[in-house]
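Data first, discussion second: the structure below is written as structure tokens.
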Amino acid sequence: MTPDELENEILSLEDEGHKRLILVFGEHPSYSPEFIADCVKSCYRVKKGNGEIRRVNINAAPLDVEGFKVVKSSGIGTYQVFQETYHKETYAKYHPGPGPKSDYLWRLNAMERAFEGGIDDMGIGALFGLYDWRFEVLGLVTHALRLQQVCGVGPHTISFPRIKPALGMNIELPYEVSDSDFKKLVAILRLAVPYTGLIMTARESAAIRDAVIEFGVSQIDAGTRLEIGGYQEKSGDQHLDKEQFEIADSRDLDLVIRWLLQKGFIPSFCTSCYRVGRTGEHFMEFAIPGFIGNFCTPNAMLTLAEYLEDYSSQETKEAGYLLIEQELDKITNIKRREEIKSKVEQIKNGKRDLLY
Ligand code: SF4
């Protein structure tokens, strides 16, 4: 995309109510650290009304330490890269080279270089379906332990996409993961790395997302479009001829928010940790013992209230405020409850970006 096209995409996302983005870059050499940093800065710069992007995460090919420093200086939240498969022989089979992606260890050690470059929010993942899912789960958990040992900081997020039909794909997949095993692997990851964010994307169907979100998935996407320039097209139609792979849950953001509300979850657009400096080791101090919930829950209510005021449908707004009321009632500390209540009122009266 040209810079103008990128700006229009960001405006379309802001118009929907998004506050957090992940920018996914490929392996092409023209995606230099400087190019990535410029894209990130554009996301923060482009604003419309109450619309603004408050946290930009990136998924990009492994860089060297200097490259990571450049990317970090643009203000990224999480740096995410997936190992694809932790099984070396399978990795070599699917990435025969030439090219940097064929180097298993360069990819595996990307997070440690990122950390050296100043990035302390790291997202790991595996593409399930390339090799035995049990091995990939072991790989992810071992990677998490290694980061804790070497950097003092475990992964901020773990992703577990399942391989899907994709443009130009013609490979046999003997290790395809069934729905039942998929549920198991998410539950195992939740138990094994309880402090980390678990990300489930719209590659999975609404039915699977409905089941698996109960196991402690904490981050999902909504209204995702994969084709270039896709956010400016308002139709819900998919364009598999242009998309990288198939999106199974194509519900728009408002519908996904309402679905979460109906399940009793508070959809959150919170970006506060990163913005108040609660990252890396500092974040782990709150996340590992679970104290982070004292920030997450009120921030979820406040950012949800912003969404309800600025972007939601009437039906979602009613469901949203009902849940906020119920959540407020659960807070036993009266002073705290009144404080949050007052902030929700301020948001109704036009205040924005109140955070803990
Ligand atoms: S307060 Fe909770 S939801 Fe908000 S950024 Fe921190 S961990 Fe995420």
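The values are calculated or read from the model by the stated rules, or taken from the named source; none is laboratory data. Since this is a predicted model, take the numbers as computed values, not measurements. Cβ atoms come from the backbone with ideal geometry, glycine included; neighbour counts cover every protein chain shown.
One table, with the values for the structure above:
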quantity: Some residue of region 279-296 being of a type in the set (Phe, Trp, Tyr), in contact with a strand residue (DSSP E or B) (Cβ under 7 Å, 6 or more places away or on another chain) and closer than 26 Å to residue 122 by Cα; calculated: no
quantity: Subset of region 53-90 that is part of a loop (DSSP other than H, G, I, E, B) and within 16 Å of the ligand (Cβ to nearest atom) - its residue that is surrounded by the fewest Cβ atoms within 10 Å (Cβ to Cβ); calculated: 75
quantity: Residue among 302, 322 that is within 16 Å of the ligand (Cβ to nearest atom) and either touching a residue at least 40 places away in the same chain (Cβ under 8 Å) or outside the structural domain of residue 223 (by TED's automatic domain parsing) (or both); calculated: 302
quantity: Odd one out for residue 279 among (1) modelled with pLDDT of 95 or more; (2) among the hydroxyl-bearing types (Ser, Thr, Tyr); (3) in contact with a Cys (Cβ under 8 Å, 6 or more places away or on another chain); calculated: (1)
quantity: Answer from 152, 223 - the residue that is more than 29 Å from residue 93 (Cα to Cα), more than 16 Å from the ligand (Cβ to nearest atom) and under 20 Å from the mean Cα position of the chain (by Cα); calculated: 223
quantity: Some residue of region 24-32 being surrounded by 19 or more Cβ atoms within 10 Å (Cβ to Cβ) and free of Cβ contacts under 8 Å to residues at least 60 places away in the same chain; calculated: no
quantity: Candidate set: region 197-214, residues that are in a helix (DSSP H, G or I) and not aliphatic (A, V, I, L, M); chosen: the one nearest to residue 154 (Cα to Cα); calculated: 214
quantity: Entirely in region 102-180, the helices (runs of 4 or more DSSP H) that have 2 or more residues that are of a type in the set (Val, Ile, Thr) and without any contact (Cβ under 8 Å) to a residue 60 or more places away in the chain; calculated: 133-151
quantity: Pair list, Cβ under 8 Å, 6 or more apart: region 217-237 residue in the same structural domain as residue 165 (by TED's automatic domain parsing) and closer than 14 Å to residue 17 by Cα, other residue part of a helix (DSSP H, G or I) and at pLDDT below 80; calculated: none
quantity: Given (1) surrounded by 21 or more Cβ atoms within 10 Å (Cβ to Cβ); (2) in a loop (DSSP other than H, G, I, E, B), number of the condition residue 96 does not satisfy; calculated: (1)
quantity: Looking only at region 280-329, and only at residues there that are among the acidic types (Asp, Glu) and closer than 23 Å to residue 15 by Cα, the one that is surrounded by the fewest Cβ atoms within 10 Å (Cβ to Cβ); calculated: 315
quantity: Single condition residue 280 does not satisfy, out of (1) under 29 Å from residue 117 (Cβ atoms); (2) near the ligand (Cβ under 7 Å from one of its atoms); (3) small (Gly, Ala, Ser); calculated: (2)
